[in-house]
Amino acid sequence: MLVIGQAPRPALLAEFVSVLGDGAELKMLGALDHLDEAGLAAAAPTADRDTLFTTLPDGRSILISKASVTEGMGQRLKDLEAMNAAVAIVCCTGKFPSLEAPGVHFASDLVAGAVEGCLPANGRLGVFIPSAAQAAACIERWTTATRSCHCVPLSPGAPDDEIRAAAAEMAEVAPDLVLHDCISYTSAARKLAASIHGRPALLASTTCARLAGELAGI
């Protein structure tokens, strides 16, 4: 598991374990493992399109620069070569076109495939995103000639009242499918939101965990 922030990520690990059980040995590397607090502060986003959301090992949530993540993830991919992993997942739903590596699967691609397979033709996709700053990139990514997209900001780790409010906004759009488009969203948040918006919903973390299990033969 290659995360865009720092390892370990207990909550994310728990989501994978909930799917895979003890069928796999899970290890985690972070793109920014080499940075201290000052380094993390210096890795702040410089523009909306440079913005990624991550949760730190101590549970804090921060916005970080995609450029800094891309640089650090390149080194983690080199570290990965020595680990002999059966399956490697880059645990971020953002796109990283410059970071291709043999045997490495990207959450962005796995989630995109799930959306394509589950959303009906001419469907409406509802997307929860961590920050309003990501809205333009979200709409650009998910809107197609046959698919409309509506984004609702919802910070991963938000309290229940904020989840309910975001889910109520999502319900007004009546999407055919809802995507929790960040690896930091939890099953508990997905369940609470779905109880309000009432639509089928995909959670990035468990979607990736299920596909990782298939790839590993679990």
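Here ALA107 passes the criteria (1) surrounded by fewer than 17 Cβ atoms within 10 Å (Cβ to Cβ); (2) under 15 Å from CYS182 (Cβ atoms); (3) among the small types (Gly, Ala, Ser) except the one numbered (1). Consider region 59-75 and keep the residues that are open to solvent by 40 Å² or more (accessible area, probe 1.4 Å) and among the polar types (S, T, N, Q). The one that is farthest from ASP33 (Cα to Cα) is SER61.
Every residue in region 46-56 that is out of contact with any helix residue (DSSP H, G or I) (no Cβ under 7 Å at 6 or more places or on another chain), open to solvent by 50 Å² or more (accessible area, probe 1.4 Å) and touching a residue at least 12 places away in the same chain (Cβ under 8 Å), please. If the condition is that a residue be out of contact with any helix residue (DSSP H, G or I) (no Cβ under 7 Å at 6 or more places or on another chain), open to solvent by 50 Å² or more (accessible area, probe 1.4 Å) and touching a residue at least 12 places away in the same chain (Cβ under 8 Å), then THR46 is the only one that fits. Restricting the first member to region 10-33 and to residues that are polar (S, T, N, Q) and assigned to a helix (DSSP H, G or I), and the second to residues that are at pLDDT 95 or above and open to solvent by 20 Å² or more (accessible area, probe 1.4 Å), the beta-carbon pairs closer than 7 Å and six or more apart or on different chains are SER18/SER187.
Total residues in region 91-131 satisfying the condition of being more than 19 Å from ALA67 (Cα to Cα) and of a type in the set (Gly, Ala, Ser): the figure is 8.
Determine the pairs where a residue that is on the phi < 0 side of the Ramachandran plot and of a type in the set (D, E, K, R), located within region 192-216, has a partner that is surrounded by fewer than 22 Cβ atoms within 10 Å (Cβ to Cβ) and in a strand (DSSP E or B) with Cβ atoms under 8 Å apart, the partner being 6 or more residues away or on another chain. From residues that are on the phi < 0 side of the Ramachandran plot and of a type in the set (D, E, K, R), the pairs are ARG199/LEU177.
The values are calculated or read from the model by the stated rules, or taken from the named source; none is laboratory data. Bear in mind the structure is a predicted one, so any value in this text is a computation, not a measurement. Ideal geometry is used to build each Cβ from the backbone, glycine not excepted, and the neighbour counts take in all protein chains shown. Surface areas here come from the heavy atoms of the whole protein model, side chains and all, with no ligands, DNA or RNA. Shrake-Rupley method; radii C 1.70, N 1.55, O 1.52, S 1.80 Å.
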